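Down below is the structure, laid out as structure tokens.
The values are calculated or read from the model by the stated rules, or taken from the named source; none is laboratory data. Model, not experiment: these values are computed from the prediction. Cβ: placed from backbone, ideal geometry, glycine included. Neighbour counts: every protein chain shown. When the accessible area is computed, the model is the full protein with side chains, heavy atoms only, and any ligands, DNA or RNA have been set aside. Shrake-Rupley method; radii C 1.70, N 1.55, O 1.52, S 1.80 Å.
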Amino acid sequence: MPRPDTETRAAAKARIAELKKTRDQAHEDAEKAKAAADEVMWQGIAAELDKGEALQLDAAEATEFSRDHVAKRTKQYRTQD
């Protein structure tokens, strides 16, 4: 197979760069969606704990996170301790 000329290579590089840009944007969007989902989950867990119908231990068992992690992640959303 013959080597592509400079112009052909430049066009291919531009297409590849665009593919990378699209991929990077998709990754950024996915990270934003993940962060938003995490926030909703921790707010909801904090609300459950504030209602007094669940303990941190219950949240830890349900999420498979440590009690310490649950406490740290819900602290900012808690209205009661």
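Values for this structure:
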| read-out | value |
| --- | --- |
| Ala12 versus Asp24: modelled label distance in nm, points set 7 Å from Cα along the beta carbon direction | 2.2 nm |
| Euclidean distance of C-alpha centroids, the range 1-41 and the range 60-79, integer Å | 35 Å |
| Rounded accessible area per residue of the chain, 1.4 Å, Å² | 84 Å² |
| Among Ile16, Gly44, Ala71 - extreme Cα towards positive end, dipole of the chain, charges at beta-carbon | Ile16 |
| Difference of contour (0.36 nm per residue) and Cα-Cα distance, Asp5 to Leu55 | 11.3 nm |
| Above-threshold pairs, the threshold being 25 Å between Cα atoms, out of Lys13/Lys34; Lys32/Lys72; Lys32/Lys75; Lys21/Lys75 | Lys13/Lys34; Lys21/Lys75 |
| Within-14-Å neighbourhood charge of Ala36 [Cβ basis; K, R +1; D, E -1] | -3 |
| MRE, 222 nm, helices only [DSSP H, n ≥ 4, -39500 (n - 2.57), over the chain, to nearest 500] | -26500 deg cm²/dmol |
